[in-house]
Amino acid sequence: MPQAKRVISILGATGSIGQSTLDVIARHPDRYEVFAVSGATQITKLVEIAEQFAPRYVVVLQEANALELREQLKARKVQAEVLVGADALIEIATAAEIDTVMAAIVGAAGMPATLAAAKAGKRVLLANKETLVLAGKLFMDAVIQSGAELLPIDSEHNAIYQSLPVDFRQHPYQSSLAQAGIEKLLLTASGGPFRTRSLAELADITPAEAIKHPNWSMGRKISVDSASLMNKGLEVIEAHWLFNAPVDQIEVVVHPQSVIHSMVQYRDGSVIAQLGSPDMRTPIAYGLAYPERIAAGVKPLDLFAIARLDFEAPDLQRFPCLGLAYSAIRHGGAAPAVLNAANEVAVEYFLAGKIRFTQIPELIEASLSAHADLASSSLEELLYADQCTRLSAQRLAKDWSFKVSC
Ligand code: NAD
Ligand code: MG
């Protein structure tokens, strides 16, 4: 009997994860149907996606983009309906017609629709880690209450998920590491493009250098996060929520080859790891097909070509962002939301050439000192902390950018 197709909305379809998702879907037209896609401003890409995948809806951020998109779709005789704005993202993430949402918008902007998908009980393929950093508790509560199926797409968390016992995998965020005989989650990190640079050299690196990751091809924001090790910090917080893991049991291991995507260390001495070529289509295919396995177009791992695997401890002196993330999740409350918002502002200013790479952690530290104790029990309070942090971090970064250019 033919199986029913999974019907999917892809939030952030024009980005790196969105494109990899569409690549996997295109390999399995018998299994997947694209119901809706979104993109911020990349009209040409959205037209191409609509032509190839025939979604019912295409969502953009602004009315001006929608006008242009409608014209181009009409010119190419593509039927999709164009919707606009944050509410439309929530509509496509919760539509009754779909069962699966790929949450691949970058930054806190992705949180409302990702949370809505969880509340609606969908299968949520979670790439947007910022949702968990900003609103981890609320998001996990929504998943538990609605019975949504949450599958981590971030390669490290997907690796940990694959390395967990089957029982734990059913409800990871309600299980206990101790009861499952797990001592540690070992989160691997490539170390980024500046792993071997001195602190003095880090002050002068350029945005172009920072977005050139040695192993992975990714969007600009996560590439800078990888270079500063903030990405690993965000992932520690992500792992804390996804796997109900005490922060002290999450250890970061720098592994420059990015072949081991993460590991689970058990009480009996066993360490279970997931390995593969560094290609996001593997975790995406895993999430799309779970519990089955489907072809993802990924190059098989050639261990003879790789020849060796190296490991080292992270250097928190040169990469203070990782330490700041640990402090934020230990502090709890609004601190992770503040960390995330300040980092988004810092990365934006760094990419615009307005602050130095080494000022990213300085801006985050200043923001944490100012706002970590803001109220955080409701979504409104967390969004207030997010906004407050952005405004003050922007003011500070503008002040600093003046100094940099002098
Ligand atoms: P990207 O910059 O390539 O794509 C981001 C997508 O979000 C685009 O479709 C863009 O149009 C959309 N977008 C941007 N701003 C928006 C806004 N304000 N409102 C609505 N849509 C907006 O980013 P990416 O590398 O694909 O990363 C997406 C998410 O996945 C991030 O949270 C990232 O941390 C996570 N992730 C990415 C990778 C990777 O390999 N790229 C790996 C693990 C996790
Ligand atoms: Mg990752």
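The values are calculated or read from the model by the stated rules, or taken from the named source; none is laboratory data. What you see is a predicted model; the values in this text were computed from it and never measured. Note that each Cβ is placed from the backbone with ideal geometry, even for glycine, and that neighbours are counted across all protein chains shown. In case anyone asks, the SASA skips ligands and DNA or RNA and just uses the protein heavy atoms, side chains included. Shrake-Rupley method; radii C 1.70, N 1.55, O 1.52, S 1.80 Å.
Only Lys, Arg, Asp and Glu count, each charged at its Cβ (+1, +1, -1, -1), so figure out the dipole size of region 49-145 about its Cα centre, rounded to 20 debye. It would help to have the intermediate numbers written out before the result.
Details: 10 positive and 11 negative charges, 43 e Å.
Dipole size: approximately 200 debye.
Only Lys, Arg, Asp and Glu count, each charged at its Cβ (+1, +1, -1, -1), so figure out the dipole size of region 349-388 about its Cα centre, rounded to 20 debye. Walk me through the numbers before you get to the answer.
On the way: 2 positive and 6 negative charges, 66 e Å.
For region 349-388, the charge dipole is close to 320 debye.
Given only helices, namely DSSP H runs of n ≥ 4 each adding -39500 (n - 2.57), what is the per-residue ellipticity at 222 nm of the chain, to the nearest 500 deg cm²/dmol? Don't jump to the answer; show the numbers that get you there.
Values: 18 runs with 196 residues, N = 406.
Value at 222 nm, helices only, nearest 500: -14500 deg cm²/dmol.
How large is the dipole of region 154-326 about the Cα centre if only Lys and Arg carry +1 and Asp and Glu carry -1, each at its Cβ, rounded to the nearest 20 debye? Intermediate results must be reported in sequence, preceding the final value.
Details: 14 positive and 19 negative charges, 65 e Å.
Taking the Cα centre of region 154-326 as origin, the dipole is about 320 debye.
Packing-wise, with mean Cβ within 10 Å as the measure, how do 17-24, 195-202, 355-362, 304-311 rank, highest first? Provide the component values of the computation, followed by the final result.
Working: 17-24: 23.5, 195-202: 13.1, 355-362: 21.4, 304-311: 9.1.
Highest-to-lowest ranking by the protection proxy: 17-24, 355-362, 195-202, 304-311.
Using packing as a proxy for protection, rank 217-224, 144-151 so that the peptide with the highest average count of other Cβ atoms within 10 Å comes first. The partial results should precede the final answer.
Numbers: 217-224: 19.8, 144-151: 15.9.
Final packing ranking: 217-224, 144-151.
Rolling a 1.4 Å sphere over the protein heavy atoms, what is the accessible area per residue of the chain, to the nearest Å²? Show your work: numbers first, answer last.
Values: 17370 Å² over 406 residues.
It amounts to 43 Å² per residue over the chain.
Considering Cα pairs under 8 angstrom that are at least six residues apart, work out the relative contact order of region 98-221 and quote it in whole percent. Let's see the in-between values first.
Details: 121 pairs, mean separation 22.0, N = 124.
Computed value for region 98-221: 18 percent relative contact order.
Using the membrane-span-like helix rule (whole DSSP H runs, Cα extent along the own axis of at least 20 Å, mean Kyte-Doolittle hydropathy at least -0.5), which helices of the chain qualify?
Numbers: long enough: 130-146 (21 Å, 0.96); 335-351 (24 Å, 0.89); 379-405 (38 Å, -0.34).
Membrane-span-like by this criterion, though nothing is claimed about a membrane: 130-146, 335-351, 379-405.
Kindly provide the pair-distance distribution of region 6-152 built from C-alpha pairs, with 10 Å bins from 0 and whole-percent values in order of increasing distance.
13, 46, 33, 8, 1
Tally up the carbon and sulfur contribution to the accessible surface of the chain as a whole percent, 1.4 Å probe, everything protein left in place. Display every interim value, and only then the final one.
Values: 9110 of 17370 Å².
Carbon and sulfur together cover 52 percent of it.
Considering only Ala289, Ser277, Ala227, whose Cα is most displaced toward the positive end of the charge dipole of region 197-305, charges sitting on Cβ of Lys, Arg (+1) and Asp, Glu (-1)?
Positive-most Cα among the choices belongs to Ala289.
Arranged from highest to lowest average of other beta-carbon atoms within 10 Å per residue, in what order do the peptides 26-32, 277-283, 112-118 appear?
Values: 26-32: 14.3, 277-283: 21.9, 112-118: 25.6.
In descending order of packing, they fall as 112-118, 277-283, 26-32.
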